[in-house]
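To start, the structure under review is shown below, and the notes come after it.
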């Protein structure tokens, strides 16, 4: 899928999921991977109750990185760098982080400890 089409589809996905033409992107994560099932498990989608997971296949890793960087600049919580992605990482994925603040042994989720949980 072309880069512009992926950007458009992710934007539509976020807008329709939020029921808003101008949703706040700070509650969303956009990343890249070479294995969507493994990455979904690493992000603990089921354990953390993360919603609205969707994937798109880019032409190559450079195009996938372009999409990831674009949304990072727009305000998503992902890191704006390649972070050691493998050369065959051409899948772009998006999901919404939890909006409630579940309490646990370490207190409420924050952007920082959520990232720590996602990348432990």
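When 10, 26 are sorted by how many other C-beta atoms sit within 10 angstrom of their C-beta, beginning with the fewest, the order is 26, 10. Per-peptide packing, taken as the mean over residues of other Cβ atoms within 10 Å, places 17-23, 61-67 in the sequence 61-67, 17-23 from highest down.
No lab work stands behind these numbers, since they all come straight from the coordinates. Predicted model only: the values in this text are computed from it and were never measured. Methodologically, a virtual Cβ is constructed for each residue, glycine included, from the backbone with ideal geometry; neighbour enumeration extends over all protein chains shown.
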